[in-house]
Amino acid sequence: TQRRLMHTEKMAAVGQLAAGVGHEINNPLAYVTANLGFATEALSALPPDHLPPEVVLELREVSQVLDEAQDGARRVARIVRDLRTFAHDDKDEEKQVMEVRQVVEAALKFASNTLRYRARVTCDFQETARVEANEARLAQVFINLLVNAAQAIPEGHADENEIRVTTAMDEGGFVVVEVSDTGKGMGPEVLGHLFEPFFTTKPMGQGTGLGLSISRNIIEGLGGSLTVRSTPEKGSTFRVSLPPARQQPAESPPKPQASRAGRK
Ligand code: ADP
Ligand code: MG
């Protein structure tokens, strides 16, 4: 469709831009960050008891401004990092055959601090085929989905909310991972755009709007799909579907694992 085509073109344009700009920004940004750090340190090394009170006040303000500048620099760094991931060329990437469940567990562990304060996390890991992917990139997809799920739930209601992660196989032998939340859900105005690069409804500094477009890129690059269903005020479910790996790994057969996941 027209929209799909526009989306593809936009992705390609962003990818190209990102490859060039990401690198160009990183060096000056490192310089800015280093100097801000130096200024902050120099400031805190001044002995306040030997200075007139109005100067101390002034310095306090300067220190606050420096903090804000550092926040800004960190935000830029994050955008640059996301952009570079985005621009990354899938083809020269190392892939391994792996258990999806292990990648999901690593992502859960990585995001656990963020998740803990927003919801109960429950898992149901059914046996799945192995997939062939770059582990770090696949983990990034699940981390994106988990962090989004957490951010969709208001703070301070962890008892009433749930983030549920499941793995299973569909009839076609595809591996299916679902991340569901009982958060705020989405209406059509968000559902129509959420996979577009830079689309975000989050306040400045909280989201770059790149997470889902990067994630979809990664999953589609593996021959899979990333889809969503959602109801406003009820929650959302993101579904990752991946083709099974073509051949089993040559080395040692998988060790039998004690099932410590199951339903928690
Ligand atoms: P970001 O998280 O930086 O905003 P994403 O690409 O990850 O960018 O998500 C884009 C938008 O999709 C979010 O700003 C939000 O509006 C919506 N969204 C994503 N995941 C969820 C979710 N689990 N619940 C509700 N809205 C979501
Ligand atoms: Mg996100």
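Tabulated data
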| item | result |
| --- | --- |
| Complete set of residues in the range 196-206 that are without any contact (Cβ under 8 Å) to a residue 40 or more places away in the chain and within 8 Å of ligand 1 (Cβ to nearest atom) | F199, T200, T201 |
| Qualifying residue in the range 198-211 (condition: assigned to a helix (DSSP H, G or I) and under 30 Å from A69 (Cα atoms)) | yes |
| Index of the failed condition, V56 passing every other in (1) at pLDDT 75 or above; (2) out of contact with any helix residue (DSSP H, G or I) (no Cβ under 8 Å at 6 or more places or on another chain) | (2) |
| The one condition in (1) closer than 30 Å to T128 by Cα; (2) touching a helix residue (DSSP H, G or I) at 6+ places or on another chain (Cβ under 6 Å); (3) at pLDDT 90 or above; (4) not charged (D, E, K, R) that V100 fails to fulfil | (2) |
| Odd one out for R246, checked against (1) within 15 Å of ligand 2 (Cβ to nearest atom); (2) assigned to a loop (DSSP other than H, G, I, E, B) | (1) |
| Selection count, the range 216-235, where residues are more than 11 Å from ligand 1 (Cβ to nearest atom) and in a loop (DSSP other than H, G, I, E, B) | 3 |
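A quick yes/no check of all residues on (1) buried (at least 19 other Cβ atoms within 10 Å of the Cβ); (2) more than 9 Å from ligand 1 (Cβ to nearest atom):
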residue: R118; (1), (2): yes, yes
residue: T122; (1), (2): no, yes
residue: E132; (1), (2): no, yes
residue: L194; (1), (2): yes, no
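The values are calculated or read from the model by the stated rules, or taken from the named source; none is laboratory data. The shown structure was predicted, so the numbers you read here are calculated from the model rather than taken from an experiment. Note: ideal-geometry Cβ built from the backbone for every residue, glycine included; neighbour counts use all protein chains shown.
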